[in-house]
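First the structure, in the form of structure tokens, and then the observations on it.
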Amino acid sequence: MEQINSEKDVISHLIEVEKNASAMIEEASIEADKRVSSARAKANTEYKEKYDLEIQKLEENYKQKITEISENHKKELEDYKSSLESKPQDSKSFSATLEKLLFA
């Protein structure tokens, strides 16, 4: 009888150890999930900050390039107008050429 009680005690002890191990595993799983979630949130925050900074740099670069291109375009147009205005106009030849092309 004593041996049966001893076996029951051993089995009870093993079941208790199993329950404790199961509880520890559950706690570890919960802690791991918390850590992963925290790490993911931190990584997402860092990514968003870097992404926003890069977007800001690209937008500033875009605006700068647009300004440079616009200024260059305006200067080229002014240079072209100046070159056209500096050339002499021969109205008689122009009128003669039009007359010849349209009414000949």
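Determine ³J(HN,Hα), in whole Hz, for all residues of segment 7-16 in sequence, where each value follows from phi through the Karplus function 6.51 cos²θ - 1.76 cosθ + 1.60 and θ = phi - 60°; x replaces Gly and Pro.
Result, ordered by residue: 5, 4, 5, 5, 5, 4, 5, 5, 5, 5 Hz.
Taking the solvent-accessible surface of protein heavy atoms with a 1.4 Å probe, what is the per residue accessible area of the chain in Å²?
Details: 10280 Å² over 104 residues.
Here the residues of the chain average 99 Å² of exposed surface.
Take a quick pass over segment 23-104 and tell me how many lysine pairs come in under 19 angstrom between Cα atoms, counting only ones 8 or more apart or on separate chains.
Within segment 23-104, the lysine pair count is 10.
With no solvent and one point on each alpha carbon, what is the Debye value of log10 I(q)/I(0) for segment 41-101 at q = 0.27, 0.28 Å⁻¹?
Debye curve over Cα of segment 41-101, log10 I(q)/I(0) at q = 0.27, 0.28 Å⁻¹: -1.00, -1.02.
Please build a GNM for the chain, connecting alpha carbons under 10 Å apart, and tell me which residue among E49, E60, E27 fluctuates the most.
Fluctuation is largest for E27.
Which residue, I69, I30, I11, has the most motion in a Gaussian network model of the chain that connects Cα atoms within less than 10 Å?
I11
Applying the Karplus parametrisation 6.51 cos²θ - 1.76 cosθ + 1.60 with θ = phi - 60° to the phi angles of segment 92-100, what ³J(HN,Hα) value in whole Hz is obtained for each residue in order, glycine and proline being reported as x?
After applying 6.51 cos²θ - 1.76 cosθ + 1.60, I find 5, 5, 4, 5, 5, 5, 5, 4, 5 Hz.
Please report, as a whole percent, how much of the solvent-accessible surface of segment 1-102 comes from carbon and sulfur atoms (probe radius 1.4 Å).
Details: 5670 of 10020 Å².
The value for segment 1-102 is 57 percent carbon and sulfur by accessible area.
Rank F94, A28, T45 by how far each Cα sits towards the positive end of the charge dipole of segment 18-98 (+1 on Lys, Arg Cβ; -1 on Asp, Glu Cβ) and give me just the farthest.
F94
The values are calculated or read from the model by the stated rules, or taken from the named source; none is laboratory data. Because the structure is a prediction, the values reported are computed rather than measured. Neighbour counts are summed over all protein chains in view; Cβ atoms, including those assigned to glycine, are modelled from backbone coordinates with ideal geometry. All accessible areas refer to the heavy atoms of the entire protein, side chains included, with ligands and DNA or RNA removed. Shrake-Rupley method; radii C 1.70, N 1.55, O 1.52, S 1.80 Å.
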